[in-house]
Structures are given as C-alpha cells and as structure tokens.
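Each value in this text was obtained by applying a stated rule to the coordinates, not by laboratory testing. From a predicted model like this one, the values you see are computed outputs, not experimental measurements. Glycine also receives a Cβ, built like all others from the backbone with ideal geometry; neighbour counts cover every protein chain displayed.
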Amino acid sequence: MSASGDPQPGLELIWPGKYDPAGQRRQPAAADLARPLRPLLTSPGRTAVEAELLLGDNLTISASLLASCRGQVDLIYVDPPFAIGSHLAAQATLDDGSAVRLPGYDDRWPQGPGQYVAMLAERLALWRELLTPSGSLVVHVDRRAQHWVRLLLDELLGAERFVNEIIWTYSTSGRSQRAWPHKHDNLYWYCLADPPRFFAEQARVPYSQAYLESHFTHTDAAGRRCRQRLDCGKWRTYYPDQGMLPNSVWDIPYVNSQAAERTGYPTQKPLPLLRRLVDALTQPGDLVLDPCCGSGTTLLAAAAGGRHSLGIDASPLAIAIAEQRLARAGQGYRLRAVTPPPGAGRASCRVGDHLGGWRLELTGYRASDGSGDGLEWLAMWQLLQAGDPPAVLHAVVRQRRAGLAATLDLPARPPGPLQLRLVDRRGAVTLQPLD
Ligand SMILES: C[S@@+](CC[C@H](N)C(=O)[O-])C[C@H]1O[C@@H](n2cnc3c(N)ncnc32)[C@H](O)[C@@H]1O
C-alpha cells in the first residue's frame with residue numbers, strides 16, 4: 001500500500017521536473033503561482049444555484065482558488081487533452097451556410113509522454129488540495145494516456161484510494177478494419193474517503209425495455225408487474241420504476257452531429273454521462289469543479305442536479321460556449337479571470353431609436369492586426385451594463401445553422417454606460433464601450 005504522494009514500492013513513474021537537482025521531490029509552488037481572480041462579468045437573473053466560470057490556465061487558477069476553496073470541493077471531474085497529437089478545431093457554420101473551423105485547443109506534446117505527465121502531475125497536486133476529506137476525483141482519458149495517468153493517480157492520491165475504472169462505450173462512425181475499432185474511454189474514480197462517498201440510490205438508471213420484457217415477468221399480490229428472484233437464499237421483489245445500479249461499463253451515445261445538445265466544441269462530452277457521475281458522487285448543494293470545462297457540460301450537469309460548480313478553461317471560445325449554455329438553461333453564472341483579456345479588435349455598429357424602441361446593430365468587426373474584417377469573424381458578442389463587475393444584458397453565440405444574430409431590439413436603451421464584449425474566431429476577447 002502506498003501513502004498518497006509516494007511511489008508504490010518497487011514501481012515508479014518518473015517525469016521531467018519530478019525531482020530537483022538535489023534529488024528532492026518538487027512540491028507544487030502554489031503560493032508563487034496564485035494571482036487575484038478578477039470579476040469580469042455576472043449574468044442576468046442570478047439564481048440560488050450558481051456556476052462560476054474561470055478563464056485562464058488551470059494551473060494558475062487552481063493555485064489561486066486554494067485561498068478560498070482549499071478542502072471544499074466535493075467532486076473534481078477532469079477531461080484533459082487526451083494526448084491526441086494534433087491541434088483540435090471546433091466546427092461552426094457561417095451566416096451563408098458555409099462551414100468554418102474555429103480554434104479549439106492544442107493537444108500536441110512534442111517532448112513526448114513525459115511532457116504530458118508533467119503537465120498533469122503539477123495540476124493534480126493542486127486539485128487534490130481542493131478536495132474535501134471525502135472528495136472524489138474522476139479523470140477521463142482514453143487508450144493514449146490511460147496507462148500513464150493510472151500510475152500517476154496511484155502515486156499522487158494513493159493506490160488504495162482507487163475505486164472504479166468506468167468504461168464509457170459509444171458508437172461513432174469510422175470503423176477501422178485493421179483491428180477492433182476503439183470505441184471507449186477510461187474514467188478513473190479515486191475517493192479520499194474509505195468507504196467512498198457514493199450515493200447508490202442516486203446512481204440508479206432505468207431498466208432497458210429489453211430487460212424489462214425479459215426479466216419482469218411476475219405480478220405481485222397487488223397486481224403490479226415485478227421481478228421475483230432468489231437472492232442469497234431470500235426471495236426478493238423488484239419493481240420496474242426502482243431502476244438498477246449500472247455496472248462500471250456505461251453505454252451512452254456520443255454527442256453526434258445531429259444531437260440537440262451539440263455545440264460544435266471539440267470533444268464535448270454527453271450530458272447524461274456527466275449527470276450520472278455528478279448524481280452518484282455528490283449531493284445537492286455540493287461543490288463540483290471541472291478544471292478543463294470546455295463547453296461547460298459538467299456545469300450544466302451540476303446545475304441540473306442543484307450543485308454549485310466551478311469551471312476553468314484557457315479558451316475564451318470554450319468559455320463563451322459554456323456561458324451561452326448556462327444562460328439558455330436559466331442558470332446564473334459569473335465569470336472571473338486572472339487578468340482581464342486585452343482588447344483585440346473593434347466592432348462597428350449602429351445604435352439608436354427604431355420604431356419606438358432602441359436598436360443595436362453590429363455592422364462589422366476588425367481584429368487588431370487588421371485581419372478578419374466582417375462579422376463572420378465573430379464567434380460571440382454580448383451587451384454588458386458597465387459595473388464592477390459588469391452584468392450581461394444580452395448574449396449571442398454563433399449558431400451552427402442560423403449563424404450570428406447581429407441586431408438587438410429593446411423597448412428602451414438600458415440605463416447607464418454600456419459595453420460590448422466580443423469573442424472572435426481565434427478566441428481573442430475585446431471589451432468595447434458603446435457610445
Ligand atoms: C477534452 S476538452 C474538454 C471538453 C469538455 N469536457 C466538454 O464537454 O466540452 C479539454 C479542455 O481543456 C482545456 N485546456 C487544456 N489545457 C488547459 C489548461 N492548461 N488550462 C485550462 N484549460 C485547458 C481546453 O481548452 C479544452 O477546452
């Protein structure tokens with residue numbers, strides 16, 4: 001058995017930077033990394049259950065969160081880059097129907113597996129500090145990194161803290177004929193408590209129709225359909241609406257190109273997968289952190305179940321998509337960042353009275369380097385009411401089919417100073433006063 005933070009006897013994973021030149025194990029320099037987290041904006045209609053988005057590198061932001069959240073997070077779900085070896089792009093459709101590829105994120109590790117493991121090791125050490133004494137960590141990877149990650153987690157959290165390997169299996173198009181097609185991911189669940197904090201009743205899922213038909217063939221004394229079977233020498237009765245505790249292989253459809261929940265963000269995970277994890281490993285009111293939140297799936301799953309959530313991502317485009325998804329779900333959120341993103345472009349617009357109301361119309365956008373003249377360069381825009389932090393009055397994200405709506409009609413001009421917040425196709429963010 002290994003104590004957490006120590007390698008297992010006789011087996012050690014070594015990565016660049018693990019030891020200092022004197023041979024001492026390096027500890028995360030959280031204090032040196034921490035920076036003030038500045039509020040960037042709050043959404044309208046804040047609700048009791050709140051999500052917080054944090055824009056920036058998750059190393060700096062996790063270190064910065066320690067001051068307020070050390071030992072307070074009940075579940076951390078991490079869906080890091082998978083070591084795919086390429087730059088991932090997000091697909092989107094322009095107003096004219098043509099497809100574009102928006103910048104996603106870089107998943108290249110030119111210095112090899114050690115570079116990937118070192119990146120994760122530094123961060124995992126911080127995430128462990130954020131967990132409550134009974135907190136859970138789930139790391140989602142696939143065949144490319146799972147063998148390194150499992151050893152790393154055993155070392156950093158303690159092999160005895162490992163609870164489950166969940167295999168998420170799905171069918172996607174593209175079936176290799178050279179070998180069995182890879183159609184699963186690996187999720188490693190570690191829990192700091194023994195026994196693990198697991199809410200079996202909340203983890204139940206409905207029986208499949210085929211299972212109901214083949215197994216629920218009895219009727220109880222009250223005439224209810226049921227299943228009766230001998231369990232450890234005792235007859236037990238099961239009812240269809242009780243559902244069942246699934247085993248550790250989960251067959252959940254991938255977010256396909258036609259799915260209503262699809263945002264176009266690369267590697268977006270299905271909401272039912274995250275709901276299953278969040279529901280089983282936390283209670284309403286708990287705090288969930290996703291340090292690689294991408295399009296915000298974990299935050300939506302947390303909100304649907306009445307959990308608080310924190311989502312970190314370095315990509316402004318990911319944060320913009322997550323914001324939009326939360327807003328559509330009626331969730332209040334706020335956005336903070338280590339440093340306010342620099343101005344990166346400028347929109348031209350017409351503002352004024354229109355048919356007895358007030359109209360704002362975006363007519364163009366030019367990036368600060370002069371490229372990208374035209375609204376097709378914008379991924380998202382928001383109208384903000386200036387304040388500390390500013391409040392979002394209206395948000396528009398480019399839609400896969402409908403493109404980007406550029407006109408906003410309101411009964412009257414909102415009071416006070418107004419700002420535009422623009423996120424362009426390369427993820428650059430601009431805050432622009434609206435005169
Ligand atoms: C696999 S995707 C997550 C997808 C997400 N689960 C979803 O459902 O949309 C990984 C995410 O990690 C983010 N990321 C990678 N390295 C990061 C870092 N150092 N700091 C913050 N975010 C990072 C990427 O921008 C990307 O959005």
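With the highest mean first, a sort of the peptides 406-412, 315-321, 260-266 on other beta-carbon atoms found within 10 angstrom per residue produces 315-321, 260-266, 406-412. Using alpha carbons only, the radius of gyration of the chain set against its Kirkwood radius gives Rg/Rh = 1.01. Of the peptides 272-279, 34-41, the ranking by mean beta-carbon count within 10 Å, highest at the top, reads 272-279, 34-41.
Note on Lys183: lysines with a C-alpha under 23 Å away, same-chain residues under 8 apart excluded, are Lys269.
What ranking do 10-23, 239-252 get when scored by the average of other Cβ atoms within 10 Å per residue, highest first?
Values: 10-23: 11.0, 239-252: 13.5.
Ranking the peptides 10-23, 239-252 by packing returns 239-252, 10-23.
Once the mean of 1/r is taken over each pair of separate Cα atoms and inverted, the stretch 345-434 shows a Kirkwood hydrodynamic radius of 13.4 Å. Spin-label model, Trp235 to Thr219: label points 7 Å out along the Cα-to-beta-carbon direction sit 1.6 nm apart.
Projected label points at Asp251 and Arg175, each 7 Å from Cα along the beta carbon direction, are separated by 1.4 nanometres.
Stretching Ala259 away from Ala29 to a fully extended chain increases their span by 78.5 nm, per 0.36 nm per residue minus the current alpha-carbon distance.
Calculate for the chain the 222 nm mean residue ellipticity that helices alone would give, adding -39,500 (n - 2.57) per DSSP H run of length 4 or more and normalising by residue count, nearest 500 deg cm²/dmol. Don't skip to the answer; put the middle values down first.
On the way: 8 runs with 85 residues, N = 435.
Value at 222 nm, helices only: -6000 deg cm²/dmol.
Shape summary: the stretch 232-333 maps onto an equivalent ellipsoid whose semi-axes, from the alpha-carbon gyration tensor, are 30, 16, 12 Å in decreasing order.
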